[in-house]
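Below: one structure, written as structure tokens.
The values are calculated or read from the model by the stated rules, or taken from the named source; none is laboratory data. Here the structure is a predicted model, which is why all the values come from computation and not from measurement. Don't worry about glycine lacking a Cβ; one is built from the backbone with ideal geometry, like all the others, and counts go over all protein chains shown. In case anyone asks, the SASA skips ligands and DNA or RNA and just uses the protein heavy atoms, side chains included. Shrake-Rupley method; radii C 1.70, N 1.55, O 1.52, S 1.80 Å.
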Amino acid sequence: RARRWLVLLLALLVAAGALYFLRRPLLARLGEALVAADPLEKADAALVLAGDESYDGARVRAAMLLYRQGWVRKLVLSGGKMNYGVFETELSRPLAIAQGVSGPDILAIAHNARSTREEAELIAPMLERKGIRSFYAVTSSYHTRRARRLFIRASGGRMRVLAYPAVDPWFNPDTWWQSRDGRKRFLLECLKHINSLLE
């Protein structure tokens, strides 16, 4: 019996040691699991999701790359209500125009959605009515996998939804555990993933 306990203890020590030495690649893989990035292909639009906290419009700028390179013909700007009753589209639309998007190529949607699920359920039918059959969901890298899944669900599979990650200054999939903001975003996104699977 003592020998069995000794073997078990040694196995646990070896496992703990392996986890310690492999913690960086394991944590990086967990961070990368949140990120989805589909191969580039032509689509009708790039949908910039609301909730950009980058301070410089990183999501709009990422969508601009798709527009400039000819992958999409239109930008759809989703804008929830922010502080003091300002809608995010009041900031994102001027930025898109300043970056070179033609006004007629922009569809700005101001709304009161409080979650990505609500945003998807509101916007997906609107895009379908506008004749959009395929689009990139452009959002912060850690948000892409969940956002794509929610928009596919909201569209009933009738639209092709592609994920395009924008660089987020607060989250790097390879080093997220090294900063408070990175840990916060990782944990919150994991909880939101679980919640969206249960809905």
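Rolling a 1.4 angstrom probe over the chain with all protein chains present gives an accessible area of which 60% lies on carbon and sulfur atoms.
The residues of the chain have, on average, 58 Å² of accessible surface per residue, using a 1.4 Å probe with all protein chains present. Figure note: LEU91, LEU40, LEU47 ranked by solvent-accessible area, largest first, 1.4 Å probe, ligands and nucleic acids not counted: LEU91, LEU40, LEU47.
Among the listed pairs LYS130/LYS192; LYS74/LYS192; LYS42/LYS130; LYS42/LYS74, which have their C-alpha atoms separated by more than 22 angstrom in this model? Over 22 Å Cα-Cα: LYS130/LYS192; LYS74/LYS192. Computed over the chain, relative contact order equals 25 percent, with contacts defined as Cα pairs under 8 Å that lie 6+ residues apart. Can you find, among LEU66, GLY131, VAL86, the residue farthest towards the positive end of the dipole of segment 41-141? Put +1 on the C-beta of Lys and Arg, -1 on that of Asp and Glu. Projecting each Cα onto the dipole axis, the largest value belongs to GLY131. Here segment 99-162 is treated with +1 on each Lys and Arg Cβ and -1 on each Asp and Glu Cβ, and its dipole about the Cα centre works out to around 340 debye.
Which percent, nearest 5, of DSSP beta bridges in segment 63-199 are antiparallel?
Once the DSSP bridges in segment 63-199 are tallied, antiparallel ones form about 15 percent.
Taken one residue at a time, the phi angles of segment 135-146 give Karplus couplings (6.51, -1.76, 1.60, θ = phi - 60°) of 7, 8, 8, 9, 7, 4, 3, 5, 9, 5, 5, 5 Hz. Gly and Pro are set to x. Largest accessible area first, the listed residues ASP44, ASP168 line up as ASP44, ASP168 when surface is computed with a 1.4 Å probe on the assembled protein chains. Ranked by the mean number of other Cβ atoms within 10 Å of their residues, highest first, the peptides 107-117, 182-192 come out as 107-117, 182-192. Our summary gives segment 58-140 a relative contact order of 32 percent, counting only alpha carbon pairs under 8 angstrom and 6 or more residues apart. This model, with +1 at the C-beta of Lys and Arg and -1 at the C-beta of Asp and Glu, gives the chain a dipole about its Cα centre of some 860 debye. Geometric descriptor of the chain, per residue, is 153 Å³ (volume of the convex hull of the Cα atoms).
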